[in-house]
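Here the structure comes first, spelled out in structure tokens, and everything after it is commentary.
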Amino acid sequence: MFQNKLFNMALIIIIAISLLGVVSFVLWQTYLSPTAQTASHEEPKEEPLTAKEMKEFSVDTDKITTNLMTNNFMIIRFTITADSEDAKVELEERMPQVKQIIIKTLAGLTPDDIKGTEGINKLEAKIMNEISALMQEGKIVQVITTERMLQ
């Protein structure tokens with residue numbers, strides 16, 4: 001190949017190490033990476049709740065009147081849907097804490113934060129995440145704003 005034996009040996013070693021690295025990378029991505037392991041051991045997907053189950057597992061809050069960060073105030077009501085009967089019972093028992101979460105969340109917002117569909121969606125998502133963190137039996141599936149008045 002080339003006249004210099006030292007150069008030939010160095011070239012062969014570099015090629016061998018490169019091939020070993022490529023083979024190792026392919027094996028890692030295919031069999032050993034955490035994403036490949038979770039893909040092969042996926043949990044069974046939960047089916048969405050039926051309309052009857054949603055009605056059965058839902059809890060309505062009372063009208064909540066609270067001040068916003070500005071001098072405005074808001075009257076709002078939510079329907080919170082849990083994923084099971086046990087979660088619904090726990091949600092009903094934790095209703096004072098749920099109202100506290102809603103009031104604290106609204107107290108940190110301005111009227112501009114709640115404007116439009118995007119603002120309502122963000123508010124519902126934030127409330128859902130905070131209530132879900134509170135829950136021990138099941139989880140919250142959905143928070144729906146059923147009444148809203150801003151003054």
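List the residue pairs whose Cβ atoms are under 9 Å apart, where the first residue sits in the stretch 38-65 and is in the same structural domain as ALA107 (by TED's automatic domain parsing) and at negative phi, the second is modelled with pLDDT under 85 and of a type in the set (D, E, K, R), and the two are 6 or more positions apart or on different chains. Short answer, once both residue conditions are applied: none. Looking at the structure I just gave you, is GLY138 out of contact with any Phe, Trp or Tyr (no Cβ under 7 Å at 6 or more places or on another chain), crowded, with 16+ Cβ neighbours inside 10 Å and among the small types (Gly, Ala, Ser)? The answer is yes for GLY138.
Could you say whether any residue in the stretch 132-142 is of a type in the set (D, E, K, R) and at pLDDT 90 or above? No; the residues of the stretch 132-142 include none that is of a type in the set (D, E, K, R) and at pLDDT 90 or above.
The values are calculated or read from the model by the stated rules, or taken from the named source; none is laboratory data. Quick caveat, the model's predicted, so the values are computed rather than measured. Positions of Cβ are backbone-derived with ideal geometry, glycine not excepted, and every protein chain shown enters the neighbour counts.
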